[in-house]
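Contents: one structure, followed by commentary.
The values are calculated or read from the model by the stated rules, or taken from the named source; none is laboratory data. Keep in mind that what you see is a predicted model, and the values were worked out from it rather than measured. Every residue, glycine as well, gets a Cβ built from its backbone with ideal geometry; the counts of neighbours run over all protein chains shown. Areas reflect the complete protein model, heavy atoms only, side chains present, ligands, DNA and RNA absent. Shrake-Rupley method; radii C 1.70, N 1.55, O 1.52, S 1.80 Å.
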Amino acid sequence: MTRRHWQQVTPYLLLLPSTIFILIFFSYPMVESFALAFRADDGGWTLKHFEAMVTDVAFVPAVCTTLLLVVIIIPVQFVLALIMALLIQAKLKFSSIFLYIYSIPLGISELAAGIVWFALFTERGYLNSILINLGLLNTPFIFLSYQNTVWLISAVVLAEAWRATSIVMIILVAGLQSIPNEYLEAADVFGASPWDKVWRVILPLLKPSLQVALILRTILAFQVFAVVLAVTGRGLTLLAAEAYLWYNTYRNPNVAAALATLIMVLSIASTMIYLWGLRTPEEQSL
Amino acid sequence: MKSAALRRYLRRAFTYLLAIVVALWVLAPIYLLGVAAFSEQNAIYTFPKQFVASPFSTDTIAFFLRSTGVSKAITNSVIVALLTLFFTMLIGTPAGYAIARFLFRGRDAFRLLIVSTRAFPIVILSIPLAVSFIEWDLYDSVYSLALMHTALALPFTILTTSSVFASVPRDLEEAATTLGCNQFEAFLRVALPLALPGLAAAMLFTFVLSWNEVFAAVILTVRNRTLPALVLTVLDVSPTPYKFAGGFVMLAPSLVFMFFIRKYLFNLWGRVTK
Amino acid sequence: MAEIKLETVRKTYGKTIATRDVSLTIHDREFMVLLGPSGCGKTTLLRGIAGLDQIDSGRIFIGDHDVTDLPPRQRRIAMVFQSYAVFPHLTVYENVAFGLRMQRIADVDVKKRVRSAAELLHITDLLERYPAQVSGGQRQRVAVARAIAVQAEVLLMDEPLSNLDALLRLEMRAELKRLLKEVNSTVVYVTHDQVEALSLGDRIAVMKDGAILQCDTPLKVYDYPATQFVGSFIGNPPMNFLTGQVKVDGSSTTISAGGGTFKPSPLIQSALRDSASILLGIRAENIEASATAVGGALSGSVLVVEPLGSHNLLTVKVGAEYVKVNAHADVVFQPDQTIWLKLAADKIRWIDRQSGVAVA
């Protein structure tokens, strides 16, 4: 082969191992997952696993809680992440230390974060200790009670906002860094207040970053389960936690696969919605 | 004039205050778990709780580390994470380099393939793989879990290594080839040394990714649990000191690793989003 | 002996053609400048010679060797990049030594040759430093020293001065000229700066849209532009062009332009046809402006006067067209003043208006 040919083939050779690996480890399980979800023991097609999934008492609460968490957590995370990102970009002294601190949760697992917040919210935990020390309570308040869904959800929302905001912050800071300073200076010259700058310059220019972060966070939010197990025990149930239970405890991979399929459909649907809802007209993409 | 200066000063002070409050929001929960983890075991049961670890004690941590299966689980976690690191670098770095350096037909299609894997929940990958691994006799092994983690981390590795290599100017490698290097030598002598810090950051992050992963780990293993898988499965039957110490041991690597990665975070994550 | 010969070199990027079958011979030890606006294909051509990009068709010879299919390292070339491409992870010394190390040259000789290259470029004091610790201008010197140290027969330079500030560029230009006389390499130098091209080149190849329009000595290119584009790209201000019309009346051929009548030299008369549209090209310094009527001069009114110190640059409206004129600094003209312009007859160039090509 001539040098020319080698140069043309080289990139494909370099990509080959990854492509094969990804095809095996993504396409195969996907197909298998559908097979598990839709196949009966006799080999024919069936919807009975989905029937089992839907008729399970935990199913409706799981769907509702999952959706509710997504709807509450995402906005909280984005407001918090935007504040963090703007603080990082505010040219403060020690900003690299702030950046380090703000990004620590990025490396913390769902399970560990769940335990951290369990330590705060549990009956004999730190939150109750603080409230009693301040004289606001006489006896510990039971936040994580089965009957107290509002507190259960609040605790999970706080834990998730605490843990998973970092990634949004990083994406937003990267987006902010790509906005030329001249735009903000121009806004200054024309009399914009800091608030105006955020609303009229920064946010519109940040739309592509916001879109990516939204898609990523929403997909991950559908998969949340260890936080919830750690904070609430069995107090709340979620789709991913149900899938885990069906596989691990009830020993039924078929229904687990049906739940997995549902989670994927939800993920893809929400991605589509974001792509469509936040699409940037061609003339705006500089 | 003076009031404008005062207003600017106040605004600045407020910004610092806000930055510190946000920092406390992140740090305080970690600190409190740390207090619990480094108190004596019976201090954990006292109420109201104390807010400093006094007397400071490694008793609770030691109790956790001595508990059944913990040391083995930590070993497993480290092995899985290192294997994952090795596999992703072996397979992913060449692909990342190709995307960064070559213009070829199908480049965008490949990128799309990589990005679209993000939409696949771990849940949908783990369950059928567990079923297949049982059939193939690969079930409950650190190696098969490492393969699974490799699959999960590979797209990330490819995108991050490609952005790391893209940040090394192409000119430098070209200069090396005009000075007598072939393509591979140019990569080895110029691109690789310059990409090394970024690649190291990507590797640390891959390690953390695998160290933290729990769903696939708990589905794919039974006796060879990794640390998160072990802690999760005994969560509702374990005593409080076990939970707190376990939580702290699991998050400790993050405290150290993020410190080294922080400069590269935007390189790693920022460009991944493009 | 390192003559470079390009034969019908073609390179396309997708649908755009970067070089259209360019043929060019660069003599041994010649300093050839490739000059043109951005996107004209000059850098593509240089990268083709270097072997950094593969050409689509045509052949490239260096010396007696057909190097078309050879990788850069086998072409016996050295190159200075626009970005300098100085390796940030190596000291200045190791940067200059890089090419020598690749040739497995003994340490003693490496030392000697790095020293002498460093001395030539006055960077001896910087050898132990890292590129991040030296200034942009010094980094540029490192890049040149690195290219010179390998003593290649062909030295390729891609806009090496474009990243320097104006003063440094002027200084480095003169130094490069001195230096490259000493190294005995064939030099191919890409630039979009016509002053650089005029001051450095033995010959200049002016490029546009992937083709070479003219390849000649700086003076020839300046005085006898082959096309309207060359005339307007080279020189500051660009060459003036006035539209005119040819009139053939029996044996006499005249051209009327800008309100005056001109007699073209007998040499080109045969190439002119009656009532053909033609351009009169003349440089600003070849026009004499006077406040009083002069025989055979064109009249016009002053639009703008720009004092430039050594002279004044006038923009004069002649008929419906504009002419730039260099006037003595001590003669004062006012806007709206009517003046007379006398064109130096031997400096007038005639260009076919339709094709834009000089009439010869």
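The largest accessible area among A:W195, A:W151, B:W25, A:W45 belongs to the first residue in A:W45, A:W195, A:W151, B:W25, and the rest follow in falling order (1.4 Å probe, all chains). Rounded to whole numbers, the Karplus 3J(HN,Hα) couplings from phi for region A:197-213 are 4, 4, 6, 9, 10, 5, 4, x, 6, 8, 3, x, 5, 4, 4, 4, 5 Hz, using 6.51 cos²θ - 1.76 cosθ + 1.60 with θ = phi - 60°, and x at Gly and Pro. Given R0 = 56 Å, the distance between the Cβ atoms of B:V52 and A:T46 translates into a calculated FRET efficiency of 0.40.
Once both labels are positioned 7 Å from their Cα atoms along Cα-to-Cβ, the gap between B:D236 and A:V31 label points is 3.8 nm. In this Cβ point-charge picture (+1 for Lys and Arg, -1 for Asp and Glu), region A:41-121 has a dipole of about 740 debye about its Cα centre. Computed from backbone phi, the HN-Hα couplings of region C:157-164 come to 10, 9, 6, x, 9, 5, 8, 8 Hz, rounded to whole numbers (Karplus: 6.51 cos²θ - 1.76 cosθ + 1.60, θ = phi - 60°; Gly and Pro given as x).
Computed over chain A, the per-residue total of -39500 (n - 2.57) for DSSP H runs of n ≥ 4 gives a 222 nm mean residue ellipticity of -22000 deg cm²/dmol, rounded to 500. A Förster distance of 60 Å, applied to the separation of the beta-carbon atoms of C:L308 and B:L255, puts the FRET efficiency at 0.35.
What region C:4-232 shows is 41 Å² of accessible area per residue, with the surface traced by a 1.4 Å probe over protein heavy atoms. Annotation for B:L24 and C:K317: the two label points, set 7 Å from Cα along the Cα-Cβ direction, are 7.3 nm apart. Would you mind telling me the antiparallel percentage of the DSSP bridges in the protein assembly as shown, rounded to 5? Around 80 percent antiparallel, to the nearest 5. With the alpha-carbon atoms of region A:60-284 aligned to their principal axes, the span from lowest to highest coordinate is 62, 50, 26 Å, starting with the largest.
Taking label points 7 Å from Cα along the Cα-to-Cβ direction, B:R170 and A:E123 give a separation of 6.6 nm. Ordered by solvent-accessible area of protein heavy atoms (1.4 Å probe), largest first, the residues B:F259, C:F98 come out as B:F259, C:F98.
Assuming charge only on the beta carbon of Lys and Arg (+1) and of Asp and Glu (-1), the dipole of chain A about its Cα centre is about 480 debye to the nearest 20.
Remark: region A:1-144 carries 49 Å² of accessible area per residue (probe radius 1.4 Å; ligands, DNA and RNA excluded). Separation of region C:260-286 from region B:39-64 is 101 Å, based on Cα centroids. Chains C and B together bury roughly 1600 Å² of accessible area, counting both sides, with a 1.4 Å probe on protein heavy atoms only. Among B:V208, B:V237, the sequence by solvent-accessible area, most first, with a 1.4 Å probe is B:V237, B:V208.
Of the beta bridges in region C:4-232, as assigned by DSSP with both residues counted there, near 50 percent are antiparallel.
Bridgeable aspartates and glutamates around C:K5 (alpha carbons under 15 Å apart, same-chain partners fewer than 8 residues away excluded): C:D21, C:D28, C:E30, C:D64, C:D66, C:D69, C:E153. Remark on region A:79-101: accessible area falls by at least 40 square angstrom from chain-alone to full-complex state for A:L87, A:L92, A:F98, A:L99, A:Y100, A:I101, probe 1.4 angstrom. Phi angles across region C:48-65 convert, under the Karplus curve 6.51 cos²θ - 1.76 cosθ + 1.60 with θ = phi - 60°, into 3J(HN,Hα) values of x, 5, 5, x, 6, 10, 7, 7, 7, 8, x, 10, 10, 10, 10, x, 9, 9 Hz, Gly and Pro given as x.
Here the Gaussian network model covers chain C, with springs between Cα atoms less than 10 Å apart; of C:E94, C:E171, C:E153, C:E171 fluctuates the most. Close amide H partners of C:Y189, meaning residues 5 or more places away or on another chain with modelled amide H under 5 Å apart, are C:M32, C:V33, C:L34, C:M157.
The heavy atoms of C:D336 present about 130 square angstrom of accessible area, all protein chains included, probe 1.4 Å.
The alpha-carbon of C:K342 sits under 26 angstrom from the alpha-carbons of these lysines, leaving out residues fewer than 8 places away in its chain: C:K220, C:K247, C:K263, C:K317, C:K324.
Counting only Cα atoms, I'd like the Rg/Rh figure for region C:254-318, Kirkwood definition for Rh.
In region C:254-318, Rg relative to Rh is 1.04.
Available extension along the chain between C:S232 and C:D209 is 6.7 nm, counting 0.36 nm per residue and deducting the alpha carbon span.
Cross-link partners for C:K11 among the lysines, with Cα-Cα distance under 23 Å and sequence neighbours closer than 8 places in the same chain left out: C:K42, C:K208. Between the C-alpha center of region A:1-73 and that of region C:167-217 there is a gap of 60 Å.
Each Lys and Arg adds +1 at its Cβ and each Asp and Glu adds -1 at its Cβ; summed about the Cα centre, chain B shows a dipole of about 1300 debye.
Stretching the chain fully between C:K347 and C:A174 yields a gain of 59.4 nm (0.36 nm per residue, less the alpha carbon separation).
Relative protection proxy for C:279-291, A:114-126, from highest mean packing down: A:114-126, C:279-291 (other beta-carbon atoms within 10 angstrom).
For region C:123-217, the fraction of C-alpha pairs farther apart than 21 angstrom is 37 percent.
Please work out the FRET efficiency for the pair C:L219 and A:V198, using the Cβ-Cβ distance as r and a Förster radius of 60 Å; give the result to the nearest 0.05.
Details: r = 61 Å, r/R0 = 1.01.
According to the calculation, E is roughly 0.50.
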